[in-house]
Amino acid sequence: MNDALGGICAFLERCNDNTVVTVTTEAVNGHPFFGFFLISAPPGRGIKSNEPSGEEALLFYGLYELDEHAQSRVPGNAFKTKGPPTAVDSEWTMSSFHVGLFSRMTGALRRVSFLGKVSRASNAFTQKKRELTFLVKSNHFQRLFPASAMLPGRAFLFCLRRRLPLSSPTSRIISIAALSTDISIHPSKYPLARRDETVVDDYHGVKIPDPYRFLEDPDAPETEAWVAELNKISAPFYESADIREKLRSKLTKLWNFDRISCPVKHGDSYYYWHNSGLQNQFVIYKQKGYKEKGEVFFDPNLLSEDGTTAITAANWSEDGAIFCYGLSEKGSDWVTLHFKTADGTDLKDKITGVKFSSIGWLSDNSGVFYSRYPEHKGAIAGSCVEKDEYHSLYFHKMGTPQAEDVLVADFRKDPHLMVAASVTRDGRFLIANVCKGCDPANQLFYADLKSINNQITGKVDLKPFFDQFDAKYDIVNFTGDDVLVLTNKDAPMNKLIRIKVGADNNNPSNWETVIPEDPKRKLQNVAVAAGDKMLVEYLQDCSSRVYINDFNTGNVLCQIPLEIGTLSSLICRKDQTEVFFSYGSFLSPTVVYRFDFNNVDLPSGKLNIEEVHRVNIQGFDASKFTAVQHFATSKDGTKVPMFIIHAKDAVLDGQNPTILNGYGGFGVSYVPGFSISQSLWLQSFGGIVAVANLRGGGEYGENWHQAGTLQNKQNVFDDFIACAEYLVDNKYTSPKKLAIQGGSNGGLLVGAVSQQRPDLIGGALNAVGVLDMLRFHKFTIGPAWIPEYGNPDKKEDFEYIYKYSPLHNIKYPENGVQWPSTLLLTADHDDRVVPLHSLKYMAQLYHTIKKDGADIQKNPVLCRVEVKAGHGAGKPTHKIIGEVVDMYSFLYRVLGAKYFD
């Protein structure tokens, strides 16, 4: 207890201005409790003060112990009076004697008077515990009143006019917590980047300045200096959250749970991916039987000290003899391929400079097909922003150097085409899937490998299945010359067709429809098992429904009974009877299931499904929460689905801190899935999580996707705004308690909505966002996004892109509205959405705030730049935890959230 007061003072030294501090104490050794009091009074009442006239100055604080007699005689308003407390009875007197005595303890009364202004302390006494909450109005603690000067020798107690040295502990501090009510950062604190006003581009007659063009070079000293300036202003803000270490400890404990994938059989063994909890990367295990305990086959955690080396591509040879895997460094999209035999022997073959590639094995294991950019100068430099062009297909013969690899196919008519290769299970055909970047339409070609006896010496003769770029085509299964294909051709919600090798398959009249389109739900996935069965997944109102169908007729045989959630993986083969699948939801981590077609009764629907692995999260009770789907009405009347997850006993009073997540692009479906960080928000902040299923996604098929692309992109922003308004209108939250969150394309969403409706949100988390919409296509994989966003070099596309491009629409809000509290997150090795998007955006935003909002802006606007990290794929666990801690520390402060330990 001798250090109690000093500990409190040390804590106060770290508090910012306008910080609400709560001190909770508990009695020990039979003493009722001690109280920690802050007494304030106007200056000039018997004390010398430099505080401005009329403001309160701190006169006195100390530790007090009250016995039950004194406690009962202290009136409830004793500490609500103006000026120093007066005698409230003959035995409880706060007089100048006490102030003087305390002055002698600290050495100088003047130092106390300079300590700061405080509001009236609230004093609610309890029998064994007491909690005191007060407001720090000025932070002079560290400069004028350090903890070392507070207690030169020992603490003192004041009790019924007696001064007693504290020889033994009488009470202990249970907790000290602070909530900063002043989150403001004055615009003068923000750094300014150099502006080069000479850089001006002409877009179809419109002059567009780009004063921060120099920030596009990630390795330039000026760019590195700008990154340092951004981190210098941002890190202290979220690092000053008093709950930070509690948050990190709690999140780490929650994250420390057993995660396992579905087992997959290769050769005579099963393989699965496993993370014991806090491992930075998943480990591959090998087992003879799926019920046996596996042994480590490959542990990527041993490849780097900081855990930033990750497996981002992998494929086994058909016979399970050789494992080909791709390693990425520090989050880069560039991959190096390595090879390992089933007995663990590392082969000497190594292929560098691979990017956005599949891996296709020849049936005799003599080599692999892979894709790369042959003319890329910085193929292994993670910070390189060189544009990716002429993606090409290559063949590597095992046992030979990469320099002898053979070009198999390229498509020089369009530098933005991308190609991925696979080989059919019977080894007969090479399949080449060609797409225009992220355009959902593709081409499919095939080459007969048997006719050339697997001898790859140059370009192969590719013949078309589909070559019109008129729809999406995915091959499901080959049986001889019969091919099952999942397509959205004339079927926005997808259908399953059967075609013939060698036929004119561009002509739909040559197709056989196996499963017709269902206009009310999307046919999401089809896989073949046990010879004549198909596993069929539908996405119905953003949730999975799974059936078993007949392979020949397509008729439904039975439904797999599952709760509302998402089928996250499905493992089966036509030549095997067993099926593994994993399933999860917002409140249920992934569960791995298995059944065997040799042990089912399909007519009765009895599948004898066994649970292989269930994840249990210690410290999270899912039964206390609920996830419900609601529909918001967008600006044009479209109904937009949204899942809202919250505690069952949540009070809808508009005061719940809420995170609204969205993506809305590239046909990506935002389906139910468990998230540790979201569970932490629900439980430890009493918060609400909302997930919006916006147009631009794939939840309702290709029409839903197209309704949020190109000239329709504003629909995505309108949908997100409608979801935010729904949450506010229905009292889930309020604008000051609402944060929006999105990453990558979702960062574009957050950027646009922050600008269009700053009055609607209290905070914005914008991760690796696409923000410069006039130059996105000039770097790395950016050209692949042209089918989604349009090409700003074309006048008709420029006209709608320019209207919403976040970088080019930064304008300070009107009518006294501030720019919402914002945290951008990017990474120095992000070679997908290169960091220039966030760096240029923050430079322009700081310039605008200082120019137009210097007298208004108080909300913090910050950017966190991660080092040795990329777009997100393969990010090590410790970096993920660190990022979530920073984001939630930020939201905790800007939303005024409470933390429940």
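The values are calculated or read from the model by the stated rules, or taken from the named source; none is laboratory data. Keep in mind it's a predicted model, so treat the numbers as computed, not measured. Quick reminder, even Gly has a Cβ in these numbers, built from the backbone with ideal geometry, and neighbours come from all protein chains shown. Side chains included, ligands, DNA and RNA excluded: accessible areas come from the protein's heavy atoms. Shrake-Rupley method; radii C 1.70, N 1.55, O 1.52, S 1.80 Å.
Neighbours of residue 212 by Cβ distance under 12 Å: Lys/Arg scored +1, Asp/Glu scored -1, total -2.
Restricting region 792-901 to chymotrypsin sites (Phe, Trp or Tyr not before Pro) that sit in a DSSP loop and have at most 11 other Cβ atoms within 10 Å of their own Cβ leaves 900.
Measuring r between the beta carbons of residue 217 and residue 400 and using R0 = 25 Å, the FRET efficiency lands at 0.10. Net length available on complete extension from residue 407 to residue 712 is 105.9 nm, with 0.36 nm assigned per residue and the Cα-Cα distance removed. Charge tally for residue 187 (other residues, Cβ to Cβ under 14 Å; Lys, Arg +1; Asp, Glu -1): +2.
Extension gain for the segment residue 509 to residue 851, taken as residue separation times 0.36 nm less the Cα-Cα distance, is 116.7 nm to one decimal.
Taking one quarter of the surface of the C-alpha convex hull of region 745-901 gives a mean projected area of 10.5 nm². Ordered from highest to lowest accessible area with the whole protein assembly present and a 1.4 Å probe, 306, 601 read as 601, 306.
Expressed as a whole percent, the accessible surface of region 805-901 that belongs to carbon and sulfur atoms is 47, based on a 1.4 Å probe.
Distance between the pseudo-spin-label points of residue 576 and residue 452 (7 Å out from Cα toward the beta carbon): 3.1 nm.
Protection proxy ranking of 709-722, 765-778, by the mean of other Cβ atoms within 10 Å over each peptide's residues and highest first, is 765-778, 709-722. Distances between placed amide hydrogens fall under 5 Å for residue 437 paired with 418, all partners being 5 or more residues away or on another chain. At R0 = 51 Å, how high is the FRET efficiency between residue 900 and residue 500 if r is their beta carbon distance? Nearest 0.05 is fine. So the FRET efficiency works out to roughly 0.20. When the residues 612, 591 are ordered by accessible surface, computed with a 1.4 Å probe over the protein chains alone, the sequence from largest down reads 612, 591. Its relative contact order, with pairs defined as Cα atoms under 8 Å and 6+ residues apart, puts region 706-830 at 27 percent.
What region 611-761 shows is 33 Å² of accessible area per residue, with the surface traced by a 1.4 Å probe over protein heavy atoms.
Each label point was placed 7 Å from the Cα along the Cα-to-Cβ direction; for residue 490 and residue 602 their separation is 2.9 nm. Can you compute the label reach from residue 479? Point 7 Å from Cα along the Cβ direction, backbone N cut-off under 18 Å, restricted to region 506-526. The answer is 511-516, 526, whose backbone nitrogens lie closer than 18 Å to the label point. Contact order, relative form, for region 460-552: 19 percent (alpha carbon pairs under 8 Å, 6 or more residues apart, mean separation divided by residue count).
Protein-only accessible surface at a 1.4 angstrom probe places the residues 265, 648 in the order 648, 265, largest first. Pop the C-beta distance of residue 791 and residue 558 into the FRET formula with R0 = 41 Å and round what comes out to the nearest 0.05. Given R0 = 41 Å and the Cβ-Cβ separation, E is 0.30. Within region 556-695, the percentage of alpha carbon pairs spaced more than 19 angstrom apart rounds to 61%.
For region 252-277, the residues whose amide N sits under 11 Å from a probe point set 7 Å from the Cα of residue 292 along the beta carbon direction are 268-270. Taken about its Cα centre, region 672-811 carries a charge dipole of about 400 debye when Lys and Arg each add +1 at the Cβ and Asp and Glu each add -1 at the Cβ. Label-to-label distance for residue 817 and residue 730 is 2.3 nm, based on points extended 7 Å past Cα in the beta-carbon direction.
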